[in-house]
Amino acid sequence: MKDQLRNGVDRLNHTIPQACSILNCGTTMMYELINEVHVDRVYIGSRALITDASLRRLSEEILLIAQINRALAAKGQRVDMRLSRHRGRGRFFIVNDSNDELVDPNADLVGLARSLNVEQPRNDSHAARAAAA
């Protein structure tokens, strides 16, 4: 974890290769996530960096999507986060599993989780930081 720590302090931003390593994905997927505004890219000079906060937020959203998808499976539906299929509709949306037909173009993950009685994942590191502050 040497890449993630410098002098005992968590990094606030990561290079594209570091962010790929953290999410265990390739550069093509990382650029799709950037273009679809799932992670935040900032520039320091000409160097592109991905914010740690956006990587953590995406990880939490992926976990929540997995839990919601388990609950939606009985209805034959799932949450999809790929904007490229339905450009400009919303960050997340609900589609029918069988034909990818759009059911809800502006799915609110938190509201959907509540309506399905899905427990939202808690990021322990964020809770620990808040308690320490």
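Points 7 angstrom from Cα along the Cβ direction at SER115 and VAL103: gap in nanometres?
1.0
Non-local amide H neighbours of ASP97 (under 5 Å, H modeled in plane, Pro and chain starts lacking H): which ones?
Result for ASP97 returns GLN77, ARG78.
Which whole-Hz couplings ³J(HN,Hα) result when phi for each residue of the range 18-23 is put into the Karplus expression 6.51 cos²θ - 1.76 cosθ + 1.60, θ = phi - 60°, listed in order with x for Gly and Pro?
Each residue's phi maps through the Karplus curve to give 5, 5, 4, 5, 5, 8 Hz.
List ILE68, ILE16, ILE62 from most exposed to least, where exposure is judged by having the fewest other Cβ atoms within 10 Å. Working shown, then result.
Values: ILE68 23, ILE16 16, ILE62 13.
The most exposed by this proxy come first: ILE62, ILE16, ILE68.
Using label points projected 7 Å from each Cα along Cα→Cβ, tell me how many nm separate ASN35 and GLU60, to one decimal.
Result for the modelled spin labels: 2.8 nm.
Amide H of ASN13 versus every other amide H placed in the peptide plane: which residues, excluding those fewer than 5 positions away on the same chain, fall under 5 Å?
Hits under the 5 Å cutoff: ASP52.
Each value in this text was obtained by applying a stated rule to the coordinates, not by laboratory testing. Keep in mind it's a predicted model, so treat the numbers as computed, not measured. For neighbour counting, all protein chains shown are included, and Cβ atoms are generated from backbone atoms with ideal geometry for every residue, glycine included.
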